[in-house]
Amino acid sequence: MRKIFFSLLVLAALLKVQAQGIAPIGVYEGKDKILGMTRLGYLEINMDEPLVPDFSQQFVKGQNHKFMFLPDNYQKKPSTHFRGQKATGFVKFQNRMLLVNSEVCKLSNPSEGDNCWTLDWENEMGQKGKCTLYAPTDSTLLFIGLGSFDKSIGPDSLMFALNKKMTSSAGKQPYFTRKPRPQGDEGTDNSPETSNSSGVSKPSSELPDYIPAILRTYKPSVPPTLTVPTSNSGYIKGEWIGKLDNGSVMSIKLNSTAKSISYYGHKYYGLIKMNGPTFIEEGVIAVKKIGDAMYGLYTRPLSTDVQAIHYSVVACYMKNILFFPTSATPAKTVMGRPAPKPVSMYCMPPLPHFMPMCSTGKEVKNFPLNFYQKGYCKNREGEAVLCHGIIFTSFNMGSRTDEDIILEAYPDIHGVDKKNVKIKYKCGRTENVYTAVLVYNPQKTEYKVTQVKMVKSESEYPDINDCYLQDGIIKCVGLLQVEIEYKR
């Protein structure tokens with residue numbers, strides 16, 4: 001589904017993520033093709049209870065089976081490594097090019113987060129890690145960080161669709177019976193998203209009131225023939241970030257004067273990417289000036305076999321831009337759903353102090369933070385963790401270090417001062433979970449950690465003083481240089 005750029009963009013805006021509502025339960029299948037490689041996936045999962053049996057208890061060796069997308073022989077040789085075990089789920093992933101590579105993973109210890117779930121995975125070789133599960137719609141799922149394969153050939157962002165026929169066979173598969181859920185969850189009031197005591201506003205994709213009416217109502221037109229210009233016209237250079245209400249973060253980077261951006265072995269004038277419940281990767285292959293501070297972008301999907309050209313428009317307003325996707329090709333369907341009309345997005349230059357390189361002292365190494373979107377960071381065990389960054393602190397006179405993993409971050413990008421960040425983080429030493437407000441001091445280029453509250457304790461005798469980050473100082477030792485330039 002990565003092939004359908006604009007359809008996925010709109011799904012993020014118009015379909016609500018289900019993580020805060022109904023937990024995924026059932027049989028899911030996935031199939032796509034990228035860079036000449038076919039990716040296949042089969043998943044059985046029950047996020048309510050760890051009742052799902054391993055594949056050796058369900059599929060008979062040597063027999064074919066009927067699937068929705070997958071070939072009949074996909075489970076002809078079911079894995080026996082987890083024989084007799086039950087878990088939150090089991091998933092089999094396979095990539096096919098010249099060779100066929102397969103991996104079976106057991107899923108366990110689900111933890112509900114902000115529009116997603118975090119799970120532990122273990123493969124047949126005993127390798128372990130953590131992955132994140134998203135639900136873009138009520139019948140689709142995708143993983144990030146699942147399995148041991150390299151990201152370029154692994155199951156990241158492979159869209160799994162619900163197999164309703166197999167899931168509804170409750171008599172044969174009672175482990176897919178949904179457990180009654182309580183009306184309210186404990187600790188909801190402590191969520192950084194629902195608490196506004198700090199005065200930190202949550203980012204929104206809505207257009208601000210001060211945007212001129214002519215831009216608010218602008219409807220981009222598509223050229224009669226989508227022919228890529230042989231040369232660029234106009235001049236635009238910069239970097240912008242926008243955020244949808246479902247948490248998806250879009251980043252746009254442009255330089256119309258040179259193909260200065262390398263990606264997957266190709267050169268582009270810019271990149272359009274979205275991470276979160278929706279994943280988009282487009283390379284800008286041409287830029288054309290179409291009006292006063294307005295530019296048409298010709299883009300092509302990255303990392304796929306799709307060669308179709310997409311067209312969108314950016315309109316510059318002061319240092320910010322409005323991004324307008326268009327439907328340049330006939331409407332397609334996504335997992336059986338009609339493709340809705342595109343929507344516009346308001347994007348701003350990233351504030352440097354929301355993407356800093358930081359330090360808490362000479363005893364520990366410098367570390368990057370990104371309060372706009374999550375990425376993979378390695379903890380001290382070398383495991384990749386999906387987070388906004390890891391804060392390293394020292395204690396015992398600098399003889400030992402601690403790590404605090406930022407699980408959620410809400411930068412005050414729409415506030416008056418644009419200085420505060422409300423975070424939710426986990427202490428690597430105690431596993432306790434806290435919320436705090438980071439207050440930025442532009443004169444000293446540093447954050448002060450304030451309003452620390454414990455929201456979950458794994459300690460036998462919980463103590464707020466177990467958090468060494470409390471009332472601490474995080475210095476910004478390197479700030480992003482952002483340049484925005486364009487010609488009318």
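Each value in this text was obtained by applying a stated rule to the coordinates, not by laboratory testing. Since we're looking at a predicted model, the values are computed, not measured. So basically every Cβ, Gly included, is an ideal-geometry build from the backbone, and we count neighbours across all protein chains shown.
Using R0 = 30 Å, the C-beta based FRET efficiency linking Ser152 and Asp72 works out to 0.60. In terms of packing, defined here as the mean over residues of other Cβ atoms within 10 angstrom, the peptides 472-478, 24-30, 124-130 line up highest first as 24-30, 472-478, 124-130.
Pairs over the 19 Å Cα-Cα cut-off, from the set Lys362/Lys453; Lys422/Lys448; Lys31/Lys378; Lys424/Lys456; Lys319/Lys487: Lys362/Lys453; Lys31/Lys378. Dividing the C-alpha radius of gyration of region 352-478 by 2.2 N^0.38 Å, with N its residue count, gives 0.99.
When both region 19-75 and region 97-131 are represented by their alpha-carbon centers, they are found 13 Å apart. In a reduced charge model with +1 at each Lys and Arg Cβ and -1 at each Asp and Glu Cβ, region 352-478 shows a dipole moment near 460 debye about its Cα centre.
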